[in-house]
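Okay, so here's the structure we're looking at.
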Amino acid sequence: MTAITPLESIHKKGTFGDHHKKNESDLLKISEVKNLTIIQVVKYKKSKINLNDVKIEDLILPDENFSNRVTSNKEIRILWNAPRTWLIISSREDLFDIIKKNFKEEDFALTDLSHSRAVIQIKGFNSREVLKKGSPINIDQLGINKCVGTVFHGISIIIDLVDDDPDTFNL
């Protein structure tokens, strides 16, 4: 079965704007990252489990001491979202099953958000400038493998800095 993204009917490919006689590496690229599984993990207040004991393919969940952190490997990114709350994002289709094996039901609530979220990637040397125009946070302080929840032109988003050469953000 093929997943249909929320942006399927409006996403258009092409080169738009003032791109004539410009180097392609200087252009800003905006695209949807498709076929992702997005799982929200919430640790119950009454849970006594130590977060260092719970891993997904040797990735630990960043705790409150490492807020706004991201742990990742080539296939999985774990974003700290709030106290005791994380978003786990991957292109792997079996992600929910992997998480279910490692996270006990009495300690964690798992919610599949894949069909209600879209990930938009902004890539290019001016991507920070675009984000500064619509968000109140100081984007310049955001480093690689860090994320922050904010508002962008009235829409709640999470900004995740994936790479810094060139700047690549997942929203």
>> Looking only at region 135-150, count every residue that is surrounded by 12 or more Cβ atoms within 10 Å (Cβ to Cβ) and farther than 20 Å from P83 by Cα and tell me the total.
In response: 3
> When you go through E32, E24 one by one, which is the residue that is of a type in the set (D, E) and open to solvent by less than 80 Å² (accessible area, probe 1.4 Å)?
Replying inline: E32
> Residues of region 26-52 being more than 16 Å from I120 (Cα to Cα) and assigned to a loop (DSSP other than H, G, I, E, B), which ones?
Replying inline: L27, Y44, K45, K46, S47, K48, I49, N50
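Residues checked against (1) open to solvent by less than 40 Å² (accessible area, probe 1.4 Å); (2) at pLDDT 95 or above; (3) of a type in the set (V, I, T):
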site	(1), (2), (3)
Q40	no, yes, no
K48	no, no, no
I78	yes, yes, yes
D94	no, no, no
D97	no, no, no
F125	no, no, no
V130	no, no, yes
K133	no, no, no
>> With the condition being of a type in the set (S, T, Y), I'd like the strands (runs of 3 or more DSSP E) fully within region 95-171 carrying at least 1 qualifying residues.
In response: 108-112, 147-152, 155-164, 167-170
> Within region 59-76, how many residues are open to solvent by 60 Å² or more (accessible area, probe 1.4 Å), in a loop (DSSP other than H, G, I, E, B) and touching a Ser or Thr at 6+ places or on another chain (Cβ under 9 Å)?
Replying inline: 1
>> For region 99-123: of the residues being closer than 17 Å to I60 by Cβ and basic (K, R), which is surrounded by the most Cβ atoms within 10 Å (Cβ to Cβ)?
In response: K104
> Out of all the residues in region 60-84, which are free of Cβ contacts under 8 Å to residues at least 60 places away in the same chain and among the aliphatic types (A, V, I, L, M)?
Replying inline: I60, L61, I76, I78
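The values are calculated or read from the model by the stated rules, or taken from the named source; none is laboratory data. The model shown is predicted, which means the values in this text are computed figures rather than measured ones. Every residue, glycine among them, receives a Cβ derived from its backbone with ideal geometry; neighbour counts consider all protein chains shown. Remember, those area values only see protein heavy atoms, side chains included, never the ligands or the DNA or RNA. Shrake-Rupley method; radii C 1.70, N 1.55, O 1.52, S 1.80 Å.
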